[in-house]
1. Check ASP152 against each of (1) buried (at least 19 other Cβ atoms within 10 Å of the Cβ); (2) touching a helix residue (DSSP H, G or I) at 6+ places or on another chain (Cβ under 6 Å); (3) free of Cβ contacts under 8 Å to residues at least 24 places away in the same chain and name the one condition it does not meet.
2. Can you pull out the residues in the stretch 98-110 that are in contact with a strand residue (DSSP E or B) (Cβ under 6 Å, 6 or more places away or on another chain), more than 11 Å from the ligand (Cβ to nearest atom) and modelled with pLDDT of 95 or more?
3. Kindly provide the set of residues from the stretch 17-35 that are in contact with a strand residue (DSSP E or B) (Cβ under 9 Å, 6 or more places away or on another chain) and at pLDDT 55 or above, ordered by number.
4. Would you call GLU101 closer than 26 Å to ALA171 by Cα and in contact with a Lys or Arg (Cβ under 6 Å, 6 or more places away or on another chain)?
5. So which strands (runs of 3 or more DSSP E) stay within the stretch 20-138 end to end and still have 3 or more residues that are without any contact (Cβ under 8 Å) to a residue 40 or more places away in the chain?
6. Tell me, please, whether a residue that is among the aliphatic types (A, V, I, L, M) and either within 12 Å of the ligand (Cβ to nearest atom) or assigned to a loop (DSSP other than H, G, I, E, B) (or both) can be found in the stretch 157-170.
7. Hey, can you tell me all the residues within the stretch 54-112 that are farther than 12 Å from SER122 by Cα and aromatic (Phe, Trp, Tyr)?
Amino acid sequence: MRKNVAVLSIAITMAMAGGAGAAEMKRDSHVRPANQQGAALMAEAQEKSQSVRDLAATLDQSDLVAYVVTASRQPDAPESAIRFVGCSKAQRFVLVQISNETPPDRRIELLAHELQHAVEASRSTWVTDDYTLGTLFERIGWRDAARQRGYDTTAASLIERQVRRELVANAKQDR
Ligand SMILES: [Zn+2]
């Protein structure tokens, strides 16, 4: 879990308004772009990575909706982050933020990493804000201070590596 409040507040407003590029996505998808680069990243990630497609399909079956935004990274901020946005009666909303200074393939790996966290949150119905999201990661993960990453989980690390393999396999096929 990572935070970047300045960028996130803008992104949340955009996300709640429906988000640029949202119309390009499957209408009831639970992974939704919150800006145009977010839409481009998601399109590329879903094209290249079975893991990303699986994570999106898992979230579609849940009450949790993940908005995806790519934005400039603040100094000392991590390359990617997930935070809670809010709840409606029927759904919970998180925001996944990816740095657009990060190389394209790495962005896809980080997207999968954060979507895995979204899936983890979706399985715990008591996660309803940033505080309880932090509590969840304290229980199932560990702090990764060296990489400025807040909390991490084994599943998120594994999915990141899996996506790297998928991207390498894709690149070989394209040659
Ligand atoms: Zn993480």
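1. Condition not satisfied by ASP152: (2).
2. Filtering the stretch 98-110 for residues in contact with a strand residue (DSSP E or B) (Cβ under 6 Å, 6 or more places away or on another chain) gives 98, 100, 107, 110.
Narrowing further to those that are more than 11 Å from the ligand (Cβ to nearest atom): 98, 100, 107.
Correct list: ILE98, ARG107.
3. Hits for the stretch 17-35 are SER29, HIS30, VAL31, ARG32, PRO33, ALA34, ASN35.
4. Numbers: closer than 26 Å to ALA171 by Cα: yes; in contact with a Lys or Arg (Cβ under 6 Å, 6 or more places away or on another chain): yes.
So GLU101 fits the description; yes.
5. Numbers: elements: 31-33, 64-71, 80-87, 92-99.
So the answer is 92-99.
6. Yes, because at least one residue in the stretch 157-170 is among the aliphatic types (A, V, I, L, M) and either within 12 Å of the ligand (Cβ to nearest atom) or assigned to a loop (DSSP other than H, G, I, E, B) (or both).
7. TYR67 - this is the single residue of the stretch 54-112 that is farther than 12 Å from SER122 by Cα and aromatic (Phe, Trp, Tyr).
The values are calculated or read from the model by the stated rules, or taken from the named source; none is laboratory data. Small disclaimer: the values here were computed from a predicted structure and weren't measured. Heads up, the Cβs are rebuilt from the backbone with ideal geometry, glycines too, and the neighbour counts pull from every protein chain shown.
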